[in-house]
Ligand SMILES: Cc1ncc(COP(=O)(O)O)c(C=O)c1O
């Protein structure tokens, strides 16, 4: 059966399919320490009670018809308030668009900006930029990042490629690394974008920045989140932000997200999203509109939520650093943000007790799953090289008392290698 070239060449999300495989093992009764999904276990991390109540109220009040195509005005007003309060950003409702989570917004940013063959610059590992670029038949310009720079791209990596690029994709705090971009590097990247845009003529397409800040409220310790427009106000003309309630309120299944940026681009995105019908449900929009105004409730929720996530990240990080000191070939980046820890498990070249040589990183990943019962997502699933020994460990479904057990199993499965 012949189908479209797009559907024949599309790669399904590796993370979703890995998650499915692991769930099947668990269903068959195996104990797996599953740190793969970028989601929350609602029994550990429920959504805020006030948001839940407002959703129920909205249904009871029969908010069940079509919402406005660009998102209801009351919600866009609340988002505008939320942005000014929490991000020091000044965006009017006509510069904001609502959709059912971050994904359709990202897709419509690409649709609004990227033509077939246009250059899209993104770093790896990063979340799904490869898929969205493929979807839009863009030309991939991939920058491989390193732990020394927190797995973030540098302005000097980007500069050689920007002359005829249409879109740069940045994500901070970043999925899968749990790291953030520094103020200095973000400023430097903004500078080269501004310079490039002043070089381009008025009838040329400009270079835009998609800035995905889904996790920006979830920073820990001294880590600060920076955004391009607060640092360089001129960037307002060229930046499209992506955000949502999905991660910050553990509300991945509620499906309310927003983008903000130049009104003209928001208007085009509205038309694209309208044809797809990717609106956030009416009742959830009504509820989110009310909830985003509740500063104290949000502060209280975030305090507890962040403490619980940070405790898990920190406890696992400490275990990895202890194992490293004991001589195991592991490492981790200290928790900075989001719900992710970047961990390194470098066992390629080791031999199992049965005499099998672990020749490649995929074999290491399989060994970890079968022997240590540890399920984590290799950075290669986020576009990094297949031989990268780094993994994303997500704590959204992590029970605290599983951590010492997991570390014990990992230690013993590494100790038996020679
Ligand atoms: C960086 C980033 N952006 C966007 C999304 C999409 O979020 P949503 O569930 O709201 O579609 C995710 C989800 O994992 C993400 O990690």
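The values are calculated or read from the model by the stated rules, or taken from the named source; none is laboratory data. Bear in mind that the values here come from a model prediction, so they are computed numbers and not experimental data. No Cβ is skipped: glycine too gets one built from the backbone with ideal geometry, and neighbour counts run over all protein chains shown.
The combined condition, being within 14 Å of the ligand (Cβ to nearest atom), over 27 Å from residue 292 (Cβ atoms) and assigned by TED's automatic domain parsing to the domain that holds residue 113, is not fulfilled by residue 153. Out of curiosity, is residue 162 surrounded by fewer than 22 Cβ atoms within 10 Å (Cβ to Cβ), assigned to a helix (DSSP H, G or I) and in contact with a helix residue (DSSP H, G or I) (Cβ under 6 Å, 6 or more places away or on another chain)? The answer is yes for residue 162. Restricting segment 19-51 to residues that are touching a helix residue (DSSP H, G or I) at 6+ places or on another chain (Cβ under 7 Å) and part of a helix (DSSP H, G or I) leaves a set whose member that is surrounded by the fewest Cβ atoms within 10 Å (Cβ to Cβ) is 50.
To keep it simple, each residue is scored yes or no on (1) within 16 Å of the ligand (Cβ to nearest atom); (2) not assigned by TED's automatic domain parsing to the domain that holds residue 394.
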| site | (1), (2) |
| --- | --- |
| 25 | no, no |
| 31 | no, no |
| 59 | no, yes |
| 102 | yes, yes |
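The condition of being away from the ligand (no atom under 16 Å from the Cβ) and not in a helix (DSSP H, G or I) does not hold for residue 97. When segment 104-128 is limited to residues that are more than 25 Å from residue 263 (Cβ to Cβ) and within 11 Å of the ligand (Cβ to nearest atom), the one that is surrounded by the fewest Cβ atoms within 10 Å (Cβ to Cβ) turns out to be 128.
Comparison of 372, 384 shows that the only residue that is under 14 Å from residue 323 (Cβ atoms), assigned by TED's automatic domain parsing to the domain that holds residue 351 and in contact with a strand residue (DSSP E or B) (Cβ under 9 Å, 6 or more places away or on another chain) is 372.
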